[in-house]
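What follows is one structure encoded as structure tokens, with my remarks underneath.
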Amino acid sequence: MRMHALTLAALAIVSGLTSAGQISVSAQGAPPRRTEGIDRSWKDAGSLKTVLYNWANHMGMLREIEEHDLIATLDFSATGTVAVNGQPCALTRYRTEINYQMSGMRADFACTLPNGQRHEEIQAVGGQYAWNEVGGPGAGLVPGQGTAVPMMAAQAERAIRLWSNPQGALKAAVMGGADTKVGMEGGKTVVTYPVPGVPGAIARATLTSGPLDGVCTRNCAERIEVRHGTSVTEFTYSKYADYNDPEEQLDAFFAGRIIEKKGTQAVLDLTVTRTNTPNLYVVVPVPPGVRNALSPTPQR
């Protein structure tokens with residue numbers, strides 16, 4: 001029986017585990033990124049730590065008695081439009097898988113252009129590398145099973161998208177340590193943090209400031225602006241809810257409406273239909289052909 005490329009990749013990753021049970025650097029091509037430190041002691045720590053605690057708490061990301069951030073992966077589906085060669089493309093399929101610990105994301109979508117032409121693409125980013133998978137998820141990992149096309153020019157854009165989503169932004173702000181700052185603008189809390197894996201990219205997250213008793217009506221990201229060189233990307237989020245399947249509802253909230261713009265150009269306009277946040281198994285291994293063909297983007 002022929003094994004799926006991602007199944008074989010998973011076995012390769014498992015073989016790269018260290019004796020301590022952590023994923024080794026060589027297994028993925030970049031150091032694992034974990035949201036370390038945040039726990040219940042941050043609740044009353046004041047200033048930045050309290051802001052980050054409240055953000056994580058209102059998102060439903062803190063678990064167990066000690067209230068650690070235990071959301072390690074995300075899988076979500078959506079409808080809407082995506083920009084393809086500057087044109088809005090109506091989605092017929094959209095699914096994104098994210099592994100925050102390994103800084104990996106895969107967006108698998110199909111859409112119809114205004115002229116009726118169908119477009120399909122699988123965009124991936126893993127640490128310093130970016131590529132497209134032609135032939136299905138995991139393409140290029142096993143000889144003869146699809147092709148991985150290097151897309152290093154897209155690494156910054158994709159990494160920014162990963163670390164600017166409603167969960168990823170909070171994790172990136174925690175990872176920013178002393179480089180993460182908090183302030184107030186127009187009566188709203190603003191958190192500024194460096195984007196992991198994109199040297200020079202700075203994100204500014206504006207948090208909701210409404211009633212405390214609503215779902216993410218306070219202390220969740222409503223707008224994130226990322227500046228990287230001369231490029232400015234804006235993300236707006238609304239309609240937070242638990243979009244997990246009814247039998248898997250666990251008060252883990254995610255934005256139901258996601259809009260990403262570069263300047264006035266809409267890159268993504270998504271309506272989330274389903275999320276899966278109970279730490280499912282997600283892997284986004286860098287294909288050998290991508291790793292060997294190109295120099296990676298330098299990491300911070």
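Worth pointing out:
- Per-bin percent of Cα-Cα distances, the range 54-171 [10 Å]: 13, 37, 33, 14, 3, 0
- Multiplying the residue separation of Thr271 and Ile202 by 0.36 nm and removing their Cα-Cα distance gives an extension gain of 22.2 nm.
- Inter-probe distance in nm under a simple model that places probes 7 Å from Cα toward Cβ, at Asp44 and Ala178: 2.8 nm
- Those aspartates and glutamates that a straight Cα-Cα span of less than 16 Å connects to Lys49, excepting residues fewer than 8 apart in one chain: Glu36, Asp39, Glu66, Glu67, Asp69, Asp179
- Applying Stokes-Einstein at 10 °C and 1.306 mPa s to the Kirkwood radius of the chain, computed over alpha-carbon pairs, gives a translational diffusion coefficient of 81 µm² s⁻¹.
- Added length on full extension, which subtracts the Cα-Cα distance from 0.36 nm per residue, Thr147 to Val215: 20.3 nm
- A straight chain from Arg257 to Gln87 at 0.36 nm per residue would run longer than the Cα-Cα distance by 59.2 nm.
- Put simply, the range 45-104 fits an ellipsoid with semi-axes of 33, 14, 11 Å; these come from the alpha carbon gyration tensor as the roots of five times its eigenvalues, largest first.
- Rg/Rh, computed from the Cα trace of the range 203-288 with Rh as the Kirkwood radius, has the value 1.04.
- MRE, 222 nm, helices only [DSSP H, n ≥ 4, -39500 (n - 2.57), over the chain, to nearest 500]: -5000 deg cm²/dmol
- Dipole size of the range 154-286 about its Cα centre, with +1 on Lys/Arg Cβ and -1 on Asp/Glu Cβ: approximately 480 debye, rounded to the nearest 20.
- Quotient of C-alpha Rg and 2.2 N^0.38 Å, computed over the range 150-196: 1.32
- Dipole size of the chain about its Cα centre, with +1 on Lys/Arg Cβ and -1 on Asp/Glu Cβ: approximately 680 debye, rounded to the nearest 20.
- Reduced Cα scattering model of the range 92-161, Debye log10 I(q)/I(0), q = 0.13, 0.17, 0.22 Å⁻¹: -0.38, -0.64, -0.98
- Cα convex hull, the range 144-300: 154 Å³ per residue, rounded to a whole number.
- GluC sites (Glu not before Pro), loop per DSSP, at most 13 other Cβ atoms within 10 Å - longest free stretch of the chain: 67-300
- In this simple spin-label approximation, Glu185 and Ser238 carry label points 7 Å from Cα along the Cα→Cβ vector, and these lie 2.0 nm apart.
- Scaling the Cα radius of gyration of the range 103-205 by the globular reference 2.2 N^0.38 Å produces a ratio of 1.33.
No value in this document is a laboratory result; all are computed from the given coordinates. Remember, it's a predicted structure, so these values are computed and weren't measured experimentally. In this analysis, Cβ positions are derived from the backbone assuming ideal geometry, glycine residues included, and neighbour counts consider all displayed protein chains.
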